[in-house]
Ligand code: ADP
Ligand code: MG
C-alpha cells in the first residue's frame with residue numbers, strides 16, 4: 001500500500017495547524033514523523049485515519065482518495081494505533097481485538113469463524129494469545145498497547161498509522177513494540193517523539209515544525225546535529241549505536 005499526501009492542509013476551529021504537507025510512504029516502508037510538541041504531527045495523522053478532513057490537498061492510498069471512500073472501505077485500507085492510555089475498562093482482550101473486525105462484517109452481521117480466527121491470529125502475532133480472556137484492566141501498559149496493536153492487525157489493513165505508540169511505556173516495552181511493528185511488513189507512518197528511535201527504526205523521517213515540513217529523507221541525511229539544534233533547540237551527537245551499529249542520536253541541553 002502506497003500512501004501519498006499531496007499539499008495536505010488542516011485547520012482546527014478555522015486556525016491553520018498543518019500547511020501544505022507533501023509526504024509519501026512506499027509499500028512496506030517505515031516513515032517516522034518527528035517534530036516538537038504542537039508541530040502538528042497528531043493533526044496530520046488525523047487526516048490519514050479520517051478523524052479530521054483536510055482543508056486542502058489530498059490523501060491517497062494506492063492512488064485512491066481516502067476521503068472519497070466509504071467508512072468500511074477506508075477501514076480495510078488503514079488501521080490506527082493511537083497513543084497509549086486509551087480506556088478499555090470492562091472489556092476483555094478478545095473483545096477489544098474483535099472491534100478490529102467490524103469493517104469486515106456486514107452491517108449488524110454476526111461474528112464468523114473467520115473473525116474469531118483473525119482475532120486469535122492477531123493476538124498470536126503480538127505474543128498476547130495467552131491473555132484472550134483477561135480483562136484489559138488486569139494488563140500492564142505494554143501488554144495493553146500490544147492488544148491495541150492486535151486490534152489494528154485484526155483489521156488486516158496494509159497501512160498502519162501510529163501516534164506516539166510508545167508513550168508511557170518502559171524502555172523494554174517500547175523496543176518490543178517497535179520491533180514488532182517493523183516486522184509486520186506493513187506500510188508504517190508513525191509519529192515518534194524520540195529522535196533516537198526514529199533514526200534507528202525508520203527508513204525515512206519527515207520533520208514537522210509549526211505545521212510545515214522542514215526536512216525529509218533518510219534519518220542520517222536529515223537529522224544532522226545542526227538541524228536538530230535548529231528545530232528542537234538541543235545539542236546532538238549523531239553516530240553509530242555502540243551496541244547495534246544502527247544510527248544513534250544522543251541529545252543534551254544547550255546550557
Ligand atoms: P503534535 O502532535 O505535534 O504535538 P498537534 O497536532 O497535537 O501537535 O497540535 C498542533 C497544534 O494544534 C497545537 O497548537 C494544538 O494546540 C492545536 N490543536 C490540536 N488539537 C486541537 C484541538 N482539538 N482543538 C484546538 N487546538 C488543537
Ligand atoms: Mg501529538
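Where a number appears in this text, it was derived from the coordinates with a stated rule and is not lab data. Bear in mind that the values here come from a model prediction, so they are computed numbers and not experimental data. Counting neighbours? That spans all protein chains shown, and the Cβs are built from the backbone with ideal geometry, glycine included.
Summary table below
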item: FRET efficiency for residue 182 and residue 24, using Cβ-Cβ distance with R0 set to 22 Å, rounded to 0.05; result: 0.75
item: Length-normalised contact order for segment 1-71 - Cα pairs under 8 Å, 6+ apart - percent; result: 41 percent
item: Fully extended contour minus Cα-Cα distance, from residue 58 to residue 214, at 0.36 nm per residue; result: 54.2 nm
item: 0 to 90° range, to nearest 10: angle between helix 113-125 axis and the chain longest Cα axis; result: 40 degrees
item: In degrees, nearest ten, helix 171-182 long axis to first principal axis of the chain (Cα); result: 80 degrees
item: Crossing angle, helix 141-154 versus the chain [Cα axis fit, 0-90 degrees, rounded to tens]; result: 70 degrees
item: Segment residue 69-residue 226, length gained on full extension (0.36 nm per residue, minus Cα span); result: 52.3 nm
item: Residue 253 versus residue 111: modelled label distance in nm, points set 7 Å from Cα along the beta carbon direction; result: 5.1 nm
item: CD proxy at 222 nm, helix term only [per DSSP H run n ≥ 4: -39500 (n - 2.57); per residue of the chain; nearest 500]; result: -8500 deg cm²/dmol
item: Label-point gap, in nm, between residue 120 and residue 241 - each point 7 angstrom along Cα→Cβ; result: 3.5 nm
item: Overall form of the chain per C-alpha gyration tensor (a/c, 1.5; a/b vs b/c); result: oblate
item: Additional length obtainable on full extension of the chain from residue 156 to residue 76, 0.36 nm per residue less Cα span; result: 28.1 nm
item: Using a Förster distance of 30 Å, the FRET efficiency for residue 203-residue 130 (Cβ separation, nearest 0.05); result: 0.40
item: Ranked by how many other beta carbons lie within 10 Å on average, peptides 42-52, 109-119, 148-158 from highest; result: 148-158, 42-52, 109-119
item: Value of relative contact order over the chain, rounded to a whole percent, pairs C-alpha under 8 Å and six or more apart; result: 24 percent
